[in-house]
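What follows is a single structure, written as structure tokens, with notes after it.
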Amino acid sequence: MTQDEMKKAAAQAALEYVESGMVVGIGTGSTANHFIDLLSSMKGKIDGTVASSIASEERLKSHGIPVMDLNDAGQLSLYVDGADESDKHLNLIKGGGGALTREKIVAGASEKFICIADDSKLVDVMGKFPLPVEVIPMARSYIAREIVKMGGQPQLREGFTTDNGNIILDVHGLEIFEPVKMEDEFNRLPGVVTVGLFARRPADVLILGATEGVKVID
Ligand code: ABF
């Protein structure tokens, strides 16, 4: 099985959580794209979707799947999205695709968060994948200095602007032993919009595609 086939297998398994009449939160990235493509077979059964990025919204619409504004949708039953890393407690690093702020909003507004990934994303200690931080542009240098004090090495994501008009600093060199504490430390910095650590609101279920089949951790 290729890595892409493992992602697709995880996305396929997540379809089982989708029920008639649900409004489903939809993530961003190649694994979420598989989920969107598979969801098109159920588009008549669900009430609609809420997208976590412009890219996902366009893909949903290209399949004729209805997309709603989160303000009109109310609380979502389900959110399905990928991740860059997960630990065994289902704390996540997300934001490699740059959609972390909207992803965190949709995750927060959802009763159940199903994370789908290939099994290379499950790690003992998160941090090898550079931690994305969305920052208001005028705070870039200040936040970068604060990150260095925290022991990280920030790198500006060149040529990238988020859907919200902000920049991303990718933080290298972290070993995240206390994800909730670290998420709070980033959240305290004025100018940080969102840190890509999902520890206060981790996933509820992790579905991993692997060569030996699909593994579910909850
Ligand atoms: C999104 O897509 C992100 O939060 C994460 O950065 C990325 C995972 O990418 P992929 O599914 O392409 O591996 O869910």
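The values are calculated or read from the model by the stated rules, or taken from the named source; none is laboratory data. Since the model is a prediction, treat every value here as computed from it, not as a measurement. All Cβ positions, even for glycine, are placed from backbone atoms using ideal geometry, and neighbour counts span all protein chains on display.
Overview of values
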{"item": "Some residue of the stretch 83-96 being outside the structural domain of residue 178 (by TED's automatic domain parsing), exposed (fewer than 15 other Cβ atoms within 10 Å of the Cβ) and at pLDDT 95 or above", "result": "yes"}
{"item": "Subset of the stretch 24-48 [in contact with a Gly (Cβ under 6 Å, 6 or more places away or on another chain), of a type in the set (Val, Ile, Thr) and at pLDDT 95 or above]", "result": "31"}
{"item": "Whichever residue in the stretch 94-120 is in a strand (DSSP E or B) and near the ligand (Cβ under 8 Å from one of its atoms) and, among such residues, is farthest from residue 16 (Cα to Cα)", "result": "118"}
{"item": "Which numbered condition residue 208 misses (of (1) in contact with a strand residue (DSSP E or B) (Cβ under 9 Å, 6 or more places away or on another chain); (2) in a loop (DSSP other than H, G, I, E, B))", "result": "(2)"}
{"item": "Residue list for the stretch 132-142, restricted to those being away from the ligand (no atom under 11 Å from the Cβ) and within 21 Å of residue 174 (Cβ to Cβ)", "result": "133, 134, 135, 139, 140, 141, 142"}
{"item": "Selected residue [surrounded by fewer than 22 Cβ atoms within 10 Å (Cβ to Cβ) and among the hydrophobic types (A, V, I, L, M, F, W, C)] from 67, 24", "result": "67"}
{"item": "One residue from 10, 73, 107 being among the hydrophobic types (A, V, I, L, M, F, W, C) and without any contact (Cβ under 8 Å) to a residue 60 or more places away in the chain", "result": "73"}
{"item": "Residues of the stretch 186-200 satisfying the condition of being closer than 22 Å to residue 89 by Cα and buried (at least 16 other Cβ atoms within 10 Å of the Cβ)", "result": "186, 194, 195, 196, 197, 198, 199"}
{"item": "Filtered residue count, the stretch 161-176, keeping only those that are over 15 Å from residue 139 (Cα atoms) and in a strand (DSSP E or B)", "result": "3"}
{"item": "Odd one out for residue 180 among (1) surrounded by fewer than 18 Cβ atoms within 10 Å (Cβ to Cβ); (2) within 17 Å of the chain's Cα centre (by Cα); (3) in the same structural domain as residue 73 (by TED's automatic domain parsing); (4) not acidic (Asp, Glu)", "result": "(3)"}
{"item": "Filter pass, residue 198 being under 29 Å from residue 15 (Cβ atoms) and aromatic (Phe, Trp, Tyr)", "result": "yes"}
{"item": "Test: residue in the stretch 77-84 that is away from the ligand (no atom under 15 Å from the Cβ), over 27 Å from residue 119 (Cα atoms) and not in a helix (DSSP H, G or I)", "result": "no"}
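To keep it simple, each residue is scored yes or no on (1) part of a helix (DSSP H, G or I); (2) within 16 Å of the ligand (Cβ to nearest atom); (3) under 13 Å from residue 106 (Cβ atoms).
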position: 8; (1), (2), (3): yes, yes, no
position: 28; (1), (2), (3): no, yes, yes
position: 33; (1), (2), (3): yes, yes, no
position: 36; (1), (2), (3): yes, yes, no
position: 41; (1), (2), (3): yes, no, no
position: 50; (1), (2), (3): no, yes, yes
position: 58; (1), (2), (3): yes, yes, no
position: 65; (1), (2), (3): no, no, no
position: 88; (1), (2), (3): no, no, no
